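Student: So that we are looking at the same thing, I have put the structure below in structure tokens.
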Amino acid sequence: MKTVTLTVKKEPELYLECETLTPDAFAGKKADEIAKIPAYQGREDTTLGEYFSIAGQAGASAAETQIIINGDCSKMKYIGAKMSAGEMIVNSDTDMYTGGWMTGGKLVVKGNVHSFCGLGMEGGEFIIEGDAGNYLAASYRGDWRGMQGGVLRVKGNAGSDICTFMNGGEVIIEGNVDIHIGTHMEGGKIVVKGNANRRVGGQLVKGEIYVFGNINVMMPGFKHNRDVELEVDGTKAVFAEYLGDLGERHPKRKGETVYGKLYLKK
């Protein structure tokens, strides 16, 4: 695997849209060619070379390319969006849409991310070593397809409305989350190792939500089913299993009604 190192040399006045900052866009290119790749600041067309010093050379394919980004990226959007392979390490905070619509590869942000990150993620691995904002792994506004595959881990806390319309994949939050978690969820797995505020699993149809801490207010559409011993993300514990959201429509499989499940660690 070959490595391209980008170092921020100029902070954008507004916000820099970096959807071309991926192993897919860099594959087969040398540093001078990468510098000419387009980027956008508001209505202004610009290039990556205007904002980054670039060293190294990409691999022949996305899978053979690693990108390391140094410097302050807190005003840069879409980093790693739609990447399909390869590896990216961002040594900074990032702005909205980081890792959105990923289909493969590995993206590591060694800081915080803003809202709307990991939208519609279909595959790959996305690790956030700090905190995440609102609408993590959710659907784009007006769309019904949230996260569909892959693994997204947040080592800090996350905001509200995470995993809205989630259809697949796995999200692990090692800290706390705010309100509206897994709303309209139709598949996938959410693990919250801290506390959840309230409105967890509203209109949950299919999928699983695990909460290790407390839920301030349990949704009324959930019914305790049983206590069960499980191993979740490396932790063995007894969980209270709730079925729900009972007020929502539910499909049938082999004559049995399929419910979403909410697990609360005892």
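Values in this text are rule-based calculations from the coordinates and carry no lab data. The model shown is predicted, which means the values in this text are computed figures rather than measured ones. Cβ sites come from the backbone with ideal geometry, for glycine too, and all protein chains shown count toward neighbours.
Student: For the pair Arg249/Asn70, report the inter-label distance in nm, with labels modelled 7 Å from Cα in the Cβ direction.
Tutor: Between Arg249 and Asn70, the simple spin-label model gives 5.5 nm.
Student: Show me the ranking of peptides 52-64, 116-128, 99-111 by mean Cβ neighbours inside 10 Å, starting with the highest. It would help to have the intermediate numbers written out before the result.
Tutor: Working: 52-64: 18.0, 116-128: 24.6, 99-111: 22.5.
The most tightly packed comes first, giving 116-128, 99-111, 52-64.
Student: Averaged across orientations, what area in nm² does the convex hull of the alpha carbons in the chain project?
Tutor: Numbers: hull surface 57.9 nm².
Mean projected area of the Cα convex hull: 14.5 nm².
Student: Which residue, chosen from Asn70, Phe165, Thr257, occupies the Cα position most advanced towards the positive end of the dipole of the chain, where the dipole is computed from +1 (Lys, Arg) and -1 (Asp, Glu) charges on Cβ about the Cα centre?
Tutor: Value computed over the given set: Thr257.
Student: Quick check: residue separation of Ser61 and Lys2 times 0.36 nm, minus the Cα distance between them. What number comes out in nm? Walk me through the numbers before you get to the answer.
Tutor: Numbers: separation 59, 0.36 × 59 = 21.24 nm, distance 0.98 nm.
Full-extension gain reported as 20.3 nm.
Student: If you don't mind, another one. Can you give the charge dipole size of segment 8-143 about its Cα centre, rounded to the nearest 20 debye, using +1 on the beta carbon of Lys and Arg and -1 on the beta carbon of Asp and Glu? Please report the intermediate quantities before stating the final value.
Tutor: On the way: 12 positive and 20 negative charges, 23 e Å.
Roughly 120 debye, rounded to the nearest 20.
Student: Calculate the dipole size of the chain relative to its Cα centre from +1 charges on Lys and Arg beta carbons and -1 charges on Asp and Glu beta carbons; express the result in debye to the nearest 20. If you can, show how the numbers build up before the last one.
Tutor: On the way: 31 positive and 34 negative charges, 155 e Å.
Rounded to the nearest 20 debye, it is 740 debye.
Student: Kindly identify segment 133-173 as rounded, prolate or oblate by the Cα gyration tensor criterion: order the square roots of the eigenvalues as a ≥ b ≥ c, call it rounded if a/c is under 1.5, otherwise compare a/b with b/c, prolate if a/b is larger, else oblate. All intermediate terms of the calculation are to be shown ahead of the outcome.
Tutor: On the way: a/c = 3.04, a/b = 1.29, b/c = 2.35.
Oblate.
Student: What is the sum of charges around Met121, taking Lys and Arg as +1, Asp and Glu as -1, for the other residues whose C-beta is under 11 Å from the C-beta of Met121? Numbers along the way, then the final one.
Tutor: Details: positive: Lys82, Arg145; negative: Glu122, Glu125, Glu170.
Taking every Cβ under 11 Å from that of Met121, the sum is -1.
Student: For segment 1-91, what value does the Rg/Rh ratio take when both radii are computed over Cα atoms and Rh is the Kirkwood radius, given to two decimals? If you can, show how the numbers build up before the last one.
Tutor: Details: Rg = 11.8 Å, Rh = 12.7 Å.
Computed over Cα atoms, the ratio is 0.93.
Student: Of Lys106/Lys261; Lys193/Lys254; Lys155/Lys261; Lys155/Lys265; Lys36/Lys106, which ones are farther than 26 Å apart at the Cα? Could you put the intermediate results ahead of the total?
Tutor: Values: Lys106/Lys261 29 Å; Lys193/Lys254 33 Å; Lys155/Lys261 24 Å; Lys155/Lys265 19 Å; Lys36/Lys106 24 Å.
Flagged as over cut-off: Lys106/Lys261; Lys193/Lys254.
Student: Okay, moving on. Among DSSP bridges having both ends in the chain, what percentage is antiparallel? Round to the nearest 5.
Tutor: That works out to approximately 40 percent antiparallel.
Student: How long is the gain from Glu129 to Glu33 if the chain were fully straight, where each residue apart is worth 0.36 nm and the alpha carbon distance is subtracted?
Tutor: Values: separation 96, 0.36 × 96 = 34.56 nm, distance 3.09 nm.
Going from the current span to full extension adds 31.5 nm.
Student: How far apart, in nm, are two points set 7 Å out from the Cα along the Cα-to-Cβ line at Thr235 and at Thr257?
Tutor: 3.1 nm
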